[in-house]
Structures are given as structure tokens and as C-alpha cells.
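Step one of this worksheet: look at the structure below.
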Amino acid sequence: MTETDSHTTHSAEDDPRNADLMIWVDGALVHKDEAKVSVYDSGFMLGDGMWEGMRLYDGQWAFFDDHMDRLFNSLKSVSLEIGMGPEDIRAILDRTAEANGMVSDAHCRLMVTRGRKAKPFQHPSLSRFGPTIVAIVEHSKPRASLQGKGIRLATVPQVRGLPMSQDAKYNSHSKLNCVIACLQAEQAGADEGLMLDPHGFVNTTNACNFFIVRRGEVWTSSGDYCMNGVTRQKVIDLCRADGIPVYEKNFSLYEVYGADEAFLTGTFGAQTPVAEVDGKPIGTGERPVMARLQSLYKALVARDVAEQAKRRS
């Protein structure tokens, strides 16, 4: 399947400029074709690393502080010291965007691993050469068809696990459970997988957080087993500020199938509609609550970007 053919929450409009990108790799900007890390790197070998996805709006990385809070909390939790702080990360992202002539409609994947290992084994002490830091920033605009067509989900056997197995709050390089969920959904004829928590309640998809709307109320998972998404939290906050009833709670597929609307949240697509779950259409296709939240979210991004620009001027 090509990018042109795919229909997922990360489907982007084709942009030929992405064939000629500069990538940040360990302190230097290098051409996309020359951007490489060692086969001994702990991220490649073990999935030992953390990442963040961020979007560029008018020269600012939206909700940058929130993303850095999550990144550095995750790094501390796994004892990964990188010897720099959030403003150093911002400088890396800004230099990479500038090298590619980007101001808006750009998406970054920042990757931090424990670095190159002395031997090809698991123990963290074998990562003796310092962390690996990579920033890929692409010209990236969500495909317009996502809003009209929506995403088809299939409930999959792969679940979001307990915090003591692998806490979903880590944006870790270890994404095999999500990859398996995505494969299971595709094999069921859907675009992406709807994952349950260990108790059988609805949780997230393989890539995004999941919301439903029932009788004007917005529901999302309890948060006990889901990704601590920045966009997820912004939507919850916007509901509370604008008087939209919102609940973080346990709910089952029964409530999903009977929902009036369903949508996904993520940094790339912001809010993406869900057209069907397990072959069952969601609602009538009208999405007034999601549309209201999209408008509120765009205004929130604009305020955040303006405030960042003012602080940095």
C-alpha cells in the first residue's frame, strides 16, 4: 500500500519537498539520504527510547511546554539523561525547520534513545556513548478526505496493558503492541484498531485517543491505561471551559455502537472523525459536537502560538 492509497489518521497530502529534507542527527543537519544511526543503537536494537510528535504553526511548536513535560517525565522515568533541557530541544527543532524552509504545516518526530551500545545485548549499562537524538520534520498536511470520509475502526484482540507491564503513558519506541493492533485491524478490513483495556473497556486506537459523543456528552476512557495525549487533554479542557459535559470513564462497545459521534485525537490530525466501528456506522454522519471542538481547538492553537511568539520576541 502506498501513501497515496492509505487511509489512516496519519495520511498526509503528498508533498514533493519531502524528498529533499535535512534531518537532525546527533548534533548535525544531514540530507535525508545520509541520515543514519548505528545498528548498535539501543533504539534500533531494543526500542529503548522516547519520542514526541509536534506540529509547527506560524513558526511555533504548538503546546511545546506540554510536549516537553511529557518527554522529560518519560526520560526521567527510564533514567535516560540527555544533558539538555527543553530550550535546547526547541533550538534543534527550530534549526531543522529553518533548514527546510518550514513555517507552518510541518510535523516533527523527535526521537531520543539511550544511544549506541558497546555490545548487542539488553543491559542499559552497555549504552556507553551518550544518547542519540534525531529530529525529522516533514512538510505535512492531513489529507482532506479524512474529515469527510472518516476512519473505520475494528475492535482488536491486542489490548492496552497494565502500567506494570508497559505503561501506555510512555511515548516509547517500543510500539509493537500498537503495530500488532494495526495489523489485526487491517486484516479485519478496517483502517485502524480500537484497543480495549485489560478489563474489556474501550481505551484507544493503535495510534490515537478515542472519544464518543452521546446525547451531547463527550466520553473518553478513564485515563488509567491510555496514552497521556496532549491533544486529548486539550479537548477535555476545552469541553470544561465551554460548558460541554465531558467524562473520563469506563464504557463498553455497547455505548460506542450507539454513539451519536466518535472521533480521534492526536497531534497530527487534531480531531479526526470515526465513520464506523466493527462495520456499524456511528450516528447519522452529522458531527456537530466534534465540529464545535475543532473550532475551539483551532482558536486555542492560535492563542498558544501567539503567546509563545510574544514571550520569545
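Quick note: the coordinates plus some simple rules give every number you see, no bench work behind them. Here the structure is a predicted model, which is why all the values come from computation and not from measurement. Cβ placement follows ideal geometry from the backbone for every residue including glycine, while neighbour counts extend to all protein chains displayed.
Find the residue count for segment 271-293, including only residues that are small (Gly, Ala, Ser) and either touching a Phe, Trp or Tyr at 6+ places or on another chain (Cβ under 7 Å) or assigned to a helix (DSSP H, G or I) (or both).
Total satisfying the criteria: 1.
Look through 251, 268 and report the one residue that is in a loop (DSSP other than H, G, I, E, B), touching a residue at least 40 places away in the same chain (Cβ under 8 Å) and buried (at least 20 other Cβ atoms within 10 Å of the Cβ).
268
Please specify each residue of segment 209-234 satisfying the condition of being buried (at least 23 other Cβ atoms within 10 Å of the Cβ) and of a type in the set (S, T, N, Q).
209, 220, 221, 231 - these are the residues of segment 209-234 that are buried (at least 23 other Cβ atoms within 10 Å of the Cβ) and of a type in the set (S, T, N, Q).
Just one of (1) in a helix (DSSP H, G or I); (2) more than 20 Å from residue 240 (Cα to Cα) trips up residue 296, so point out which.
(2)
Which ones in segment 193-220 are among the charged types (D, E, K, R) and not in a strand (DSSP E or B)? Before you say what the answer is, go through the steps one by one.
Filtering segment 193-220 for residues among the charged types (D, E, K, R) gives 197, 214-215, 217.
197, 215, listed by residue number.
Got a number for residues in segment 158-192 being among the aliphatic types (A, V, I, L, M), surrounded by 15 or more Cβ atoms within 10 Å (Cβ to Cβ) and part of a helix (DSSP H, G or I)?
Taking segment 158-192 first, the residues among the aliphatic types (A, V, I, L, M) are 159, 162, 164, 168, 176, 179-181, 183, 185, 188, 190.
Then drop every residue that is not surrounded by 15 or more Cβ atoms within 10 Å (Cβ to Cβ), which leaves 159, 168, 180-181, 185, 188, 190.
Now narrow it down to the ones that are part of a helix (DSSP H, G or I): 180-181, 185.
The qualifying residues number 3.
Being in contact with a helix residue (DSSP H, G or I) (Cβ under 6 Å, 6 or more places away or on another chain) and under 26 Å from residue 41 (Cβ atoms) is the filter here, so list the residues in segment 123-163 that pass it.
127, 135, 137, 138
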